[in-house]
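The values are calculated or read from the model by the stated rules, or taken from the named source; none is laboratory data. Treat the numbers as computed from the prediction; the structure is a model and nothing was measured. Reconstructed Cβ throughout: ideal geometry from the backbone, glycine too, with neighbour counts over all protein chains shown.
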Amino acid sequence: MGVGGNGALATQVIKTKKREFQYQQIDQLQQKKNQILQPNQQNKKEIAATKIFRFLYKIYKQYYFNNHYLRKEKQHRYRNFVIEELINTERNYLNDLKLLIVIQSQVKQWLNKQQIEIIFNNLQQLYELNSSFLQDLEGFLPYNRSKLLGPIIKGLAPFFKVYFPYYEGFNKSMATLKQCINDKEDFRKFLKNMSSIKDYNNQDIDSFLIKPVQRIPKYNLLLEDLIKHTDKIHPDYKNLCESLELFKNINDDNNKNMDKFLSSKLFDMEKWFGNKLSQKLVDTKRKYITELLTSILDQTNKVIIVTAFILSDLIIIGERQENQYQYIQSVFLDEQSGCLDVENQQHLQNIYILQGMRGQSITFIEQTPNDKIEKMAKLQKIIQECKEKSKYTFQRQTIRAGSEIKVQLNKIKVTVLGLDERHENLSSYKVYIIEVGIEEVFQKLFLRFSQCIKIQDYIKKKYPTTQLNFLKQNTTLSLLNDQKEIESRMIAIPLFVQSVLISDITRQNPQILKDLGLPENFYDLPSEADNFRNQRTGNQKAPDRFNYVTPTRTLIKTFDYGNDQQSLQSNQCNRRLLSASSMMSRNITLVEEKKKQKEKDAISIIVNHAIPKEKPWEFNVKNNTKVLHVLDQIQKVMQLQQIYDFKLYIYDNKSRVKILQNDENICDLFGDSFIFAKKKKELWFKKLLYQDIEYEKTLLQADSARMKLLYYQLVKDIQISTLPFPTQNQYIKLAAIHLYLQNCNLSYNVIQQIIPSSILQLKQREYWNCVVTQEFKEFKSGIQNTQSTLIQINETEDIAKAKSKGIFSSIIQSNQNQFSQIENVNVDSTKVMIQFIQECLKNEFCIQQLFSIVCKETLTLFGEQNLFLGIGYHGIRLYSSSKDRIWEKIDKPQSFNVFPGSIEIGFKGRKLKFETNQGFQIQSLFDEYQAIKSQNQE
């Protein structure tokens, strides 16, 4: 028994140990497995992040490579074009030399050997040199980006000194030719018939003899253009630069004689373009200056590589076609001519405009920003030098000499400010905002492209011989949404408007001004501006409804290129500009309750406000009634002392707020259906511009009507959630103050007047009644502990500060004791109302206007792309979609650019692009605040 029992026990112990050992092995295996799995789990995020990074890097690399590749391809295409231009022109030039040698052999029957040697000089040497040169150039073909052209040119460049004798003897050659033509009748007949013979390309002998003189400068132009589009790391770059230097030295040695020869270029241009111009090109007062190889943007948005022939009073654009040039366009120059810089847009970039006489212009487009800067500066320098040397004929001086009209027309400035998208029923359309100024009087025009076309058709029909910067109407409907087409129109429309305004027909026909939206006395506005200013009472410095806010950014930068330094300085200073709309007749009347009769040719509109128990204002307006006129009428009705910070707005079909500009026509706001609509159209009146709290408090104390309007406006904004607060306690406090001001018993209905329903739903009704009652009792107790008698309000510290700043001092002094004029509100209620407004103004959403925008770049920065952009006195704020977080504070943006369908803001060394169709409204509001800041600093 004992032994057996011990054996069984031993066996059991062994089994137990064996089982424990197995468990240990299992645990060890599990631990090893966990050790293997745990790092994998920990590295999941790192692996995922690495994959995402590789994916994004792949996309970036592909994007960078594609863009880099496209740039390189574009550059090589242009290099190929320049090289082909060099070879083709060399081939044509050699054919001309060959024809000239044939002519030399033919005239031997009429001229002696000495005369032939003087006229044709070393023509045979030139032909032999250029034959070798052309043979070497043709050996370079076909074009390959790795081939070297520089050594070919560099090798033969020194031999072009053989042109020196031809240059030196050219003047004598022309004189001898002229004498032989006069003396020898048969020779004269031969030359006369030669220009009509096809074998001679319909050219006369003068055109052939001048070609060697023109050839060396042509080499310089082509080589310069070729070098610009060759990378510095390209193996051919150094050779090309050395070749250009050799040809420049050859050209410089002949500069003394060049002025005598270059005018002969006019004979060639007369044959190419003479039938396209209204006058002969060959004139003793007109000089040929130079020519530039460049590109222009035609009316169909097509980029054309052209040659710009620059004369002393004229620029002609021609496109090369075989042995001659096809006429594209031309502009005559006058004392106001010059280049206008056009800011880059999304699709159209590196553009500048040459503005000529009577509004005529040429739109140039270059490949790179450096090309644009260089060619624009070169062109402007040439024009300026011509002015200083008095080489212009200045036709306008002879037409309008001594006339005041000339001075006025020179001071008309037209540019484009932006684009606004509007909606009518189920359709949408674009409105181009154009700024028109004559001296210091400015106005914004809101023009549709179809409206400009109607004006253009009217002018063409009534004045068929008039030449203006006409628009080209595209018939393809898809172009209406084409961004490139829109950008092109933003450049073309202001040029068209300016050409119309400086035309004589517009002064004779006021209907054109009316169709544009300008007053009929537009040209007389500068003389009437001083009288208008003198009639205004007071010398306040604050911005008002009569002041025109200068935009911070314009697409086309205007500049006076004359010698009037005083006008240049006045353009650079910060002037108080006058709104042209303020000088127009009002054509608006308030519809009184007792006399509800509609005026003839008038249309009724309703202007809503936030004051309860008061009906909206109803006005009768006419076709030319501006938004400014409605604001002016509201100021009189409400007896507001200042209205510059109040705006009218409407809602579009997407329920978005559209802030109206002062210069907009009321009847144009609602489309063509407005006139035929039976229902009266509605507008809303609201304060939109805010400064710091202390300054706003000063304005409230000085104007009881302002206080009443702003109080009820804020109550309404809180109730409809336009003005959100982060905590419930703030809603409770404002509800208690509102309850006190209403002087009524506590009820849930009163609470609903101010707290949004979305907030009320969070708690039961009894909770809100309880907390608001408690807050009301505490607030009322605090009020009762203060002075119970009326307080004679002396000059407050706020008013003293305002006086020290010189802000609204005259208004405050004359109105600081008029607080008791608030209807149904005593002095205590006045202080309480100001306290309510102050509490609201502490909220950033109150003092800013918010716009819904989309920014794809912020998806990686902030984790969302649907954001809110806030514009206020202290700068720009970027809020989250839930409005509970500020992503960015942009106090001083480095750049602010508006494009069709988007805006671009630069700050902290970077730029963010925001997608929005309210770009112009955002820019206008930003400009308003910049103007207020500038005014306060003064």
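List of remarks:
- Applying a threshold of 6 Å to beta carbon distances and a minimum spacing of six or more residues, or different chains, the list of pairs starting in the range 647-675 at a residue that is on the phi > 0 side of the Ramachandran plot and ending at one that is modelled with pLDDT under 80 and assigned to a strand (DSSP E or B) reads G671/E424.
- Search result, residues across the range 410-430 that are among the β-branched types (V, I, T) and crowded, with 20+ Cβ neighbours inside 10 Å: V414, T415, V416
- Lone unmet requirement of (1) under 30 Å from I227 (Cα atoms); (2) loosely packed, with under 13 Cβ neighbours inside 10 Å for F140: (2)
- One residue stands out among those in the range 612-629 that are in contact with a Lys or Arg (Cβ under 9 Å, 6 or more places away or on another chain) and either buried (at least 19 other Cβ atoms within 10 Å of the Cβ) or at pLDDT 90 or above (or both): the one that is farthest from Y929 (Cα to Cα), which is N620.
- Note on the range 492-557: enclosed helices (runs of 4 or more DSSP H) holding 1 or more residues that are at pLDDT 65 or above and in contact with a Pro (Cβ under 8 Å, 6 or more places away or on another chain) are 510-516, 525-535.
- Subset of the range 443-466 that is of a type in the set (F, W, Y) and more than 18 Å from the chain's Cα centre (by Cα) - its residue that is surrounded by the most Cβ atoms within 10 Å (Cβ to Cβ): Y463
- Among residues of the range 485-504 that are among the basic types (K, R), those with a beta-carbon under 8 Å from a residue that is surrounded by fewer than 24 Cβ atoms within 10 Å (Cβ to Cβ) at least six positions away or on a different chain give the pairs R489/F449; R489/L471.
- L111 meets all of the listed conditions (1) outside any helix (DSSP H, G or I); (2) touching a residue at least 24 places away in the same chain (Cβ under 8 Å); (3) closer than 27 Å to L292 by Cα but one, namely (3).
- Taking the listed residues Y712, Y740, Y767, the one that is within 21 Å of Q849 (Cα to Cα) and aromatic (F, W, Y) is Y712, with no other qualifying.
- Residue in the range 204-220 that is closer than 17 Å to D371 by Cβ and in the same structural domain as C180 (by TED's automatic domain parsing) present: yes
- Scanning the range 273-284 turns up no residue that is under 23 Å from N220 (Cβ atoms) and either touching a Leu at 6+ places or on another chain (Cβ under 6 Å) or in the same structural domain as K228 (by TED's automatic domain parsing) (or both).
- Residue that is surrounded by the fewest Cβ atoms within 10 Å (Cβ to Cβ), among those in the range 277-317 that are β-branched (V, I, T) and assigned to a loop (DSSP other than H, G, I, E, B): T284
- Residues that are buried (at least 19 other Cβ atoms within 10 Å of the Cβ) and of a type outside the set (F, W, Y) within the range 893-911 comprise N897, V898, P900, I903, I905, listed in sequence order.
- Cβ-Cβ under 9 Å pairs, at least 6 apart or on other chains, the range 738-760 side assigned to a loop (DSSP other than H, G, I, E, B), far side of a type in the set (G, A, S): N743/S829; Q753/A735; I754/A735; I755/A735; P756/S721
- Search result, residues across the range 497-516 that are among the aliphatic types (A, V, I, L, M), surrounded by 15 or more Cβ atoms within 10 Å (Cβ to Cβ), over 24 Å from the mean Cα position of the chain (by Cα) and within 17 Å of P464 (Cβ to Cβ): I512
- Residues that are assigned to a loop (DSSP other than H, G, I, E, B) and surrounded by 10 or more Cβ atoms within 10 Å (Cβ to Cβ), drawn from the range 763-785: K763, Q764
- The residues in the range 349-376 that are over 30 Å from R507 (Cα atoms) and either within 21 Å of the chain's Cα centre (by Cα) or crowded, with 20+ Cβ neighbours inside 10 Å (or both) can be counted, and the count is 15.
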